[in-house]
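Taking it in order: structure first as structure tokens, then the write-up.
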Ligand SMILES: Cc1cc2nc3c(=O)[nH]c(=O)nc-3n(C[C@H](O)[C@H](O)[C@H](O)COP(=O)(O)O)c2cc1C
């Protein structure tokens, strides 16, 4: 049997044409976002990008914090770095705290209990910063007219 020279990949559409009304309404309502993402081959999963691309104006001047998850020792540091220019292009404002969940296979027991208490303090710092930035930007959106 003859083998095909290439396998076509058909995507129906992309970007705002793929808008999911429930997802868009949620983003519209929120003041800040948390993205928790695994690292795939030192980058972000294609499906995450596909989902993010569905909205645009809903993100503008809103805060975002990113948590990286990885099997290896770097805790998704590389996926966080590769997401930064995407965040900027979407109009999101990144905070300077991240959470890096390294060696994810060993971080929880089989019942889902966190095995490293240090993460409680790290997540706390991350959330405090995200809440502060979300409030600042909400104040700006509500009270300061763009020039
Ligand atoms: C396609 C693929 C690529 C991956 N690439 C990396 C990688 O570059 N670095 C790393 O530390 N872990 C990597 N991993 C491990 C994942 O980051 C880790 O297992 C993650 O928790 C998987 O989440 P998921 O089960 O939601 O896909 C990869 C996993 C998959 C499936």
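How do 106, 37 rank when sorted from fewest to most other Cβ atoms within 10 Å of their own Cβ?
Values: 106 10, 37 20.
So the residues, fewest neighbours to most, are 106, 37.
Between 69, 120, 86, which gets the highest mean-square fluctuation from a Gaussian network model of the chain, Cα cutoff 10 Å?
120
Using alpha carbons only, how many angstrom separate the centre of segment 75-114 from the centre of segment 4-73?
14 Å
Along its principal axes, what span do the Cα atoms of segment 31-143 show, with the longest given first and each in whole Å?
The Cα atoms of segment 31-143 stretch 47, 29, 22 Å along the principal axes, largest first.
Values in this text are rule-based calculations from the coordinates and carry no lab data. Being a predicted model, the structure only gives us computed values, none of them experimental. Cβ atoms come from the backbone with ideal geometry, glycine included; neighbour counts cover every protein chain shown.
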